[in-house]
Amino acid sequence: MTPAVLDAQRQRIDFQIHEYQHDPQAASYGLEAAEKMGVPAERVFKTLVAQLNSGQLVVALVPVMQQLNLKLLAQAAGAKKASLAPAALVEKTTGYVLGGVSPLGQKKKLPTWVDLSALDDKPIYVSAGRRGLEIQLAVEDLLQLTQGKTAHLTLAS
């Protein structure tokens, strides 16, 4: 099991694991997950790690068919600017490879923001710590486990 799944088990939240055969040629890991699991893309959230102008790393979760608005993330985090963190730094800090970064069970717990579109009483799907493995859980549980906050993070929110 991945650290993300172990974290969810330790916290005794209600969750389900979904596994699918990952295609290394897939153009979008998140859209691939939605398609292979047969769930609406707006319920599958990608985990992105950004670096604020202060150097602090933060996590943003947005629907896979949306694009993270870095200005909105910076505003939510109380910073002037944000940019996507370099891949090597993301992998070193979280303990996960790109395409499998989970908001749960990270080596270093990072401040986390979830796009407001997640707040509609339906479960969401996030990476469970590797490509081809997703965890389905309630948004409230995700926010509790990550000590996360919600904010508008996409222009379509």
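Can you tell me which residue in the range 25-57 is farthest from L70 (Cα to Cα), limited to those that are without any contact (Cβ under 8 Å) to a residue 40 or more places away in the chain and open to solvent by 70 Å² or more (accessible area, probe 1.4 Å)?
K36
Mind checking whether some residue in the range 60-74 is closer than 18 Å to V126 by Cα, out of contact with any strand residue (DSSP E or B) (no Cβ under 9 Å at 6 or more places or on another chain), modelled with pLDDT under 95 and crowded, with 17+ Cβ neighbours inside 10 Å?
Checked against the condition, which is being closer than 18 Å to V126 by Cα, out of contact with any strand residue (DSSP E or B) (no Cβ under 9 Å at 6 or more places or on another chain), modelled with pLDDT under 95 and crowded, with 17+ Cβ neighbours inside 10 Å, the range 60-74 yields no hits at all.
What are the residues in the range 15-24 that are open to solvent by less than 90 Å² (accessible area, probe 1.4 Å) and outside any strand (DSSP E or B), if any?
Y20, H22, D23
Look at S157 and say whether it is among the small types (G, A, S), at pLDDT 95 or above and not in a helix (DSSP H, G or I). Before you say what the answer is, go through the steps one by one.
Details: among the small types (G, A, S): yes; at pLDDT 95 or above: no; not in a helix (DSSP H, G or I): yes.
Here the answer is no, as S157 does not meet what is asked.
How many residues does the range 117-153 contain that are assigned to a loop (DSSP other than H, G, I, E, B), within 16 Å of L48 (Cα to Cα) and modelled with pLDDT under 95?
Count: 1.
I'd like the full set of residues that are surrounded by fewer than 22 Cβ atoms within 10 Å (Cβ to Cβ) and either closer than 15 Å to V5 by Cβ or out of contact with any Pro (no Cβ under 7 Å at 6 or more places or on another chain) (or both), limited to the range 111-124.
If the condition is that a residue be surrounded by fewer than 22 Cβ atoms within 10 Å (Cβ to Cβ) and either closer than 15 Å to V5 by Cβ or out of contact with any Pro (no Cβ under 7 Å at 6 or more places or on another chain) (or both), then P111, L116, L119, D120, D121, K122, P123 are the ones that fit.
For the range 130-157, give me each residue that is of a type outside the set (K, R), farther than 25 Å from Y20 by Cβ and either open to solvent by 10 Å² or more (accessible area, probe 1.4 Å) or without any contact (Cβ under 8 Å) to a residue 60 or more places away in the chain (or both).
Correct list: E140, L143, Q144, Q147, G148, T150, A151, H152, L155, A156, S157.
Only one of V97, V90 is open to solvent by less than 30 Å² (accessible area, probe 1.4 Å) and within 15 Å of the chain's Cα centre (by Cα); which?
Working: V97 fails: open to solvent by less than 30 Å² (accessible area, probe 1.4 Å).
Matching residue, one of V97, V90: V90.
Select from the range 54-101 the residues that are among the β-branched types (V, I, T), touching an Asp or Glu at 6+ places or on another chain (Cβ under 8 Å) and assigned to a strand (DSSP E or B) and list them in ascending order.
Passing the criteria: only V62.
Here are some residues: Q21, Q25, Q51, Q56. Which one is closer than 21 Å to L116 by Cα and polar (S, T, N, Q)? Give the steps one after another, and end with the answer.
Details: Q21 fails: closer than 21 Å to L116 by Cα; Q25 fails: closer than 21 Å to L116 by Cα; Q56 fails: closer than 21 Å to L116 by Cα.
Result: Q51 is the single residue among Q21, Q25, Q51, Q56 that is closer than 21 Å to L116 by Cα and polar (S, T, N, Q).
The values are calculated or read from the model by the stated rules, or taken from the named source; none is laboratory data. Treat the numbers as computed from the prediction; the structure is a model and nothing was measured. Here the Cβ is made from the backbone with ideal geometry for all residues, glycine too, and neighbour counts use every protein chain on show. Areas reflect the complete protein model, heavy atoms only, side chains present, ligands, DNA and RNA absent. Shrake-Rupley method; radii C 1.70, N 1.55, O 1.52, S 1.80 Å.
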